[in-house]
Structures are given as structure tokens and as C-alpha cells.
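Notes follow once the structure below has been shown.
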Amino acid sequence: MSISLEEYQQRRQTLMEKIGQGTAIFRSAPLAVMHNDVEYPFRQDSDFYYLSGFDEEEAVLVLAPHHEQHQFILFVQPKNVEKETWTGYRIGVEAAKKEFGADEAYPIEELDEKLPDYLKQADCIYYHFGRDEAFNNKVLNHWRKLIAQFPKRGTAPSAIADTNFILHPLRQVKSDQELSLIRHAVDIATEAHNQALTIAKPGKYEYEIQAEIEYIFSKHGAKSPAYPTIVASGKNACILHYIDNNKQLEENDLLLIDAGCCYQYYNSDITRTFPVSGKFTPEQKTIYELVLEAQLKAIDEVKPGNTYNQFHDKAVRVLVEGLVDLGILQGNVDEIIEQEEYKSYYMHRTGHWLGLDVHDVGGYKVGEDHWQTLQPGQVLTVEPGLYLSPNAKLAEGQPELPQRWHGIGVRIEDDVLVTRDGNEVLSAGVPKSVEAMENGISANQGS
Ligand code: GLY
Ligand code: MN
Ligand code: MN
């Protein structure tokens, strides 16, 4: 299972049709150094990968649709037996052409010499200014030189435009091949969550659960977790990005697990919350059922034609109505929503796009006042939660949180595909009913 060469070619073709007389430049991710000369695992830039499937550092991808000989050009690290002994296999210049379909490939050292050839006839350079300042300056310097030569040559790019505006809308709608990879990442994470639900018991440490989850990721060939795995018991569940994962699970704890994996660069992102001793306390159950109701009703709002904010607004309304019924918030539901007084206990949005990046690219809004309309092929998360921390900063006039709710944190997160007539919950294989959360997956498989 992987993206075919034809699909990469199709992606480049679509982009080239959009840039016409322009030339687009994409920089690979640089190697990141952890300390001294120890490196972080390499992670390719997602735009670069989307257009090529090429998974090495120190590379540059150029698309020049107007160029007479070469439209797709790769600059890569050349083969070098000595260096490969230290840092691993390199694809090399020849294979960059043969295996990745480049019309021409050069050693990266020749970039400065060859690049002007692909820029000089272009009316515009398409480039996203990234974190690598030296490379940003390199692109600017090439542009300056071409502008200086304009009077004599008669051509030069007159502008630099950001590639995000043309590429990210393409990345936002997933192809069938992309969906297969996302489904696979979701299936691996599904097995990991179900295993966590089976093995979590009072006395275990959060990191033991994390280890089982990440073992399952690796066992199935996932490159890495999609983000640092969150295994948060008891009041740790009220810390949104808790990653210490070093507390021992206690009898009455809820356990919030937010874990997903990265498979061939496509990601899953799933959260479940359950009682480690197999029984919710009445307060935990009340909050769990409220978040579950908000999540199910929010998912119902994920369908073509609805705007991106509708599922968030639905989740907020259900949560606020519930919190008012419980006396945790006081006042008129509409006013609490309008004044955002619920943010003491629900401070994040209900989802995000999901794909090559966990928080995937693509806009949420069209202009300042309008949200994007959902369309088939988009994948997003639906992840409402409530975090009843006694330290929450309260909106003016809202009551202190009664002791019995203290430290309850619940989030339920699924990965959802927008389909032609509604949606498909890709992570439906991880149960979430109260019964399943109390009695394990066999109680309610798939609900
Ligand atoms: N785990 C990151 C997120 O849910 O957005
Ligand atoms: Mn998550
Ligand atoms: Mn998420």
C-alpha cells in the first residue's frame, strides 16, 4: 500500500496547471540536531513529500511547466559510499530520475549553477518562506540577480508568491490512495487503543500503557507516533498536552489516552477516556455521557454543504446546556456561548483537518466572516472534551466548581471522513459507549 508514481505525477500536473508561466521551488526538511551531532529522526516536509514521495534531506524540487526540456527537476544528495556508511542509503541522482520520474536530476551542490535556468523565463517564483533562513536568502538572491539582468534579457519573475495558497487546497481533499493510508494509520491506532483499554489497571504506570501503544504502532510499520502520546490519568487529564506519562494509575482514576500513529506520513489521531477500575463514579459517568452526547451530535453535523464551524457550534451548545443543567455554569445558554464563558472548562476547538500533517493544512475560513463548506474527501477530527480543573480561571459571575467535579477530564476524539451523503467515522473500531468503557471492548465492539 503506497501512493503510486502516477498519482504523484498527477499532483504535480495539477499544481503546474495552476502556476502556468511560473516556477515553483520546494525545499526538503533540513536535518534537525538534538544535541552535539546526534540527530532527530528525519521527517520530510509534507509539501515536498506530497509532490514527490522523496524522503531525503538536502533536496530541492523544482516545477517549471514552461521550461522547454524539464518540467520536474530534483536536486539531491549524490551517491557517496563513504558518507552512506555513516548516514545511510542515498537514492542518488540517477535513481531520482528513474524511480521518482524527474525529467532531470542534479547533485544538490549544483543548485546555484542550475536554478537560474529554470527561473529566468518564469513570470513568478512560487516559494514558501520556511524556517531555513539561509535557503530563503538563497532564493531571494537568485531573484535579485534575475531582476538586475532584466533590462538586457527582457524576462525575469516579477513576483514571489507563496505556494501554500495553491498547494494546500489540493492537499485538503484526499484521494482514494491517501484515504487507504489514513485508514491504515487509523486501524493501527484502533488496535493500540483497544489493547490499552484491555490492559489498563490500577497499579500500572502511565508509561507502561504508552509503551504497549507505541509497540503496536511499530509492530505494524508505523514510522512514529503522530504526536507525543498522551496517557493522562486522574487530574492529569485536565492538562491538554500532558506527556509526562509517569503517574501510577489509581483506583478511581479516569484515563485519557490521546494516541495516533504516522504511517507512510499519513496520520491518525484518536482519544478515549475510561475508568481504570472498570466503573465510572456517578460524577465521572455524568461528564462522560455529556461529552459523548456532544461528540455524537457534532459528528451528525459533518456532511457536505454544512460549514466547518457547525459541528463545533453543536458540540459547544450541547456541552453548555449540560453544564447549566448540572449547575457547573449558571445563566442563559446563549449568553454563556456568546461570552465564551464555557472556555474555563472547554478551551479548544472541536477538531482540525487530518492528513499528512496531524493538524493538516488547508484553510478553515473563506474570508474573515465565512467558514469553509465541507466537501467529500476531507478528513477531520471531532474531539469535544470537558476539563474540570479546580484551577480553571472562571468567567465573571460563574460559580466556584463544586468539589465533587474536581479533576474530571474527558475527551473523545474520532477521525471522520466527509462522504458524498454524510460522513464515515474511520475510527469506529474503538468503542466509546459507557458499557464498553466500563467492561472492555468485548462489551460493545464497534459502538
Ligand atoms: N493529539 C493532538 C490533537 O488532538 O489535536
Ligand atoms: Mn488527539
Ligand atoms: Mn486532534
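The values are calculated or read from the model by the stated rules, or taken from the named source; none is laboratory data. What you are looking at is a predicted structure, and each value in this text was computed from that prediction instead of being measured. Positions of Cβ are backbone-derived with ideal geometry, glycine not excepted, and every protein chain shown enters the neighbour counts.
Details
- Segment 358-389, residues that are small (Gly, Ala, Ser) and either within 14 Å of the chain's Cα centre (by Cα) or away from ligand 3 (no atom under 15 Å from the Cβ) (or both): Gly362, Gly363, Gly367, Gly377, Ser389
- If you check Glu212, Glu251 for being assigned to a helix (DSSP H, G or I) and free of Cβ contacts under 8 Å to residues at least 60 places away in the same chain, only one passes: Glu212.
- Among (1) within 16 Å of ligand 2 (Cβ to nearest atom); (2) more than 19 Å from Ile230 (Cα to Cα) - the single one Arg317 does not satisfy: (1)
- Residue within segment 379-401 that is among the charged types (D, E, K, R), farther than 28 Å from Ala192 by Cβ, in contact with an Asp or Glu (Cβ under 7 Å, 6 or more places away or on another chain) and more than 16 Å from ligand 2 (Cβ to nearest atom) present: no
- Answer residue from segment 369-390, given it is more than 16 Å from ligand 1 (Cβ to nearest atom) and not in a loop (DSSP other than H, G, I, E, B) and is farthest from Val186 (Cα to Cα) among those: His370
- Annotation note: Cβ proximity below 7 Å between a residue of segment 384-403 that is farther than 23 Å from Arg272 by Cβ and a residue that is surrounded by fewer than 13 Cβ atoms within 10 Å (Cβ to Cβ) and at pLDDT 95 or above (sequence gap 6+ or interchain) occurs for Gln398/Gln330; Pro399/Gln330.
- Candidate set: segment 239-265, residues that are within 15 Å of ligand 2 (Cβ to nearest atom) and of a type outside the set (A, V, I, L, M); chosen: the one surrounded by the fewest Cβ atoms within 10 Å (Cβ to Cβ): His241
- Matching residues, segment 320-368, being within 16 Å of ligand 1 (Cβ to nearest atom) and modelled with pLDDT under 95: Gly362
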